[in-house]
1. Which Rg and Dmax, in Å, describe the Cα atoms of chain B?
2. Tell me the angle of helix A:106-123 to the major Cα principal axis of chain A, expressed in degrees between 0 and 90 and rounded to the nearest ten.
3. Just round it to a whole percent: the fraction of Cα-Cα distances in segment A:25-90 exceeding 16 Å.
4. In nm, what does the list of distances from B:R128 to its counterparts in the other copies look like, shortest first, when each label sits 7 Å along Cα to Cβ?
5. Please compute, for peptide B:105-115, the average count of beta-carbon atoms on other protein chains lying within 10 Å of each residue's beta-carbon.
6. Can you give the translational diffusion coefficient of segment B:1-44 in µm²/s, computed by Stokes-Einstein from the Kirkwood radius over Cα pairs at 10 °C and 1.306 mPa s?
7. Equivalent ellipsoid semi-axes for the protein assembly as shown, as square roots of 5 times the alpha carbon gyration tensor eigenvalues: give them largest first, rounded to whole Å.
8. Counting Lys and Arg as +1 and Asp and Glu as -1, each charge on the Cβ, what is the dipole of the protein assembly as shown about the Cα centre in debye, to the nearest 20?
Protein chains: 2
Amino acid sequence: MKLLNRDVDYAARALVFMARANRPTVPVVKMREEVGVSGPFLRKIMQKLQKAGFVHSVKGKGGGFALARRPENIRLSDLIGALQGPLKFNECVFKQKLCQHHDACVLRRRIAGVESRLAAEMEGITIRDLA
Amino acid sequence: MKLLNRDVDYAARALVFMARANRPTVPVVKMREEVGVSGPFLRKIMQKLQKAGFVHSVKGKGGGFALARRPENIRLSDLIGALQGPLKFNECVFKQKLCQHHDACVLRRRIAGVESRLAAEMEGITIRDLA
DNA sequence: CAAAATGATACTGCTATGGTATCATTTATT
DNA sequence: AATAAATGATACCATAGCAGTATCATTTTG
């Protein structure tokens, strides 16, 4: 069980890089080496970030990407939501007949609690914290 | 990101069933309906549980499976470890050059903290809690 | 010997992940 | 106007893990 997939991982690196770079825009070629990923793959991730509103893009020579929000307003939970999908709550373990003998779905409630606390932790980490 | 996979899910159901059943052994055919899974698949899971020491098995007619530990000594984290693999800590996001400009790998530490707290939550849930 | 049970293992289908490749479009520079 | 530098949009692919089925061997009871 990985908490972060590659997209989120690389996106975090790139956003930190952009947060540090004091430039209006940063092109992918300037980031890909330090981020440690191929240009085309990073571009695909950046395009997702653009569509999700984390960055805006400038096409053409001299263009690139720039943060569309301040680093402290980009939370890890946001990146996960945009690039990795929502936390999927496990289906009830006790959907079956077992439930008839039991007041509530204990495991479901326990796991739901765990997941909400996990989500809260992810919300507490921002790009600013990492930069 | 699912916290529990199917194996863990079904295993939890089966172990709860066994904890409630006051019998020396429980055969798969007696469990599969309430667990909500096919016999062969549940058998495969039970075999894993047997190898991992959660249950012991009795072959032959009248046989089946029995808990090898008390329910309060079977933790969700144990099941995850046996059926789903260990929590894989994400590789350092800042393995690359970025680290040269930074004292420590902040994201790595943050995620490691999150994961250890997650593991602790899983350790706090036992079959007894669910039964 | 037959029936009931697990042990072991091989196989399959699907989906998500982690990419690569290609072509189109926009913009700055000369 | 031509060229180079950049993103936009898509299509494609390879691998691994997940979920599940199928089969045969072995053990035990009656």
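FYI, it's all coordinate maths here, none of it is from the lab. Here the structure is a predicted model, which means the values were calculated and not measured. Glycine gets a Cβ as well: all are built from the backbone with ideal geometry, and neighbour counts include every protein chain shown.
1. 18.9, 68
2. Once rounded, one gets 20 degrees.
3. Summing the P(r) of segment A:25-90 above 16 Å gives 52 percent of all pairs.
4. Spacings between copies for this position, smallest first, are 4.6 nm.
5. Details: counts 1, 5, 11, 1, 0, 7, 9, 1, 2, 10, 5.
Mean shielding by partner chains, rounded to a whole number: 5.
6. Values: Rh = 10.8 Å.
Roughly 146 µm²/s, to the nearest whole number.
7. Those come to 47, 16, 16 Å.
8. 660 debye
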